[in-house]
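To start, the structure under review is shown below, and the notes come after it.
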């Protein structure tokens, strides 16, 4: 995954969107903000309007491994 930082985000978290996930509107993706203890996930179409999800790193790793077919 290539990470691109989100523009215009003023939160303390550093949000990233995969460069592999651009849709027709250029914003059809999720963004993640990893911290040492939590992975934050949000909808890139509504970065400030909607709540975001949080996962422990082990859960996120399991999900990504499963989604990648490993």
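The values are calculated or read from the model by the stated rules, or taken from the named source; none is laboratory data. Predicted model only: the values in this text are computed from it and were never measured. Neighbour counts run over all protein chains shown; Cβ positions are idealised from the backbone, glycine included.
Here are some notes:
- Candidates 70, 14, 31 - the one that is modelled with pLDDT of 90 or more and either in a loop (DSSP other than H, G, I, E, B) or buried (at least 16 other Cβ atoms within 10 Å of the Cβ) (or both): 14
- In the range 34-50, the residues that are modelled with pLDDT under 90 and in a loop (DSSP other than H, G, I, E, B): 44, 45, 46, 47, 48, 49, 50
- Against the numbered list (1) assigned to a loop (DSSP other than H, G, I, E, B); (2) exposed (fewer than 14 other Cβ atoms within 10 Å of the Cβ); (3) in contact with a strand residue (DSSP E or B) (Cβ under 8 Å, 6 or more places away or on another chain); (4) at pLDDT 70 or above, residue 63 comes up short only at (1).
- Verdict on residue 20 being in a helix (DSSP H, G or I), at pLDDT below 90 and exposed (fewer than 10 other Cβ atoms within 10 Å of the Cβ): no
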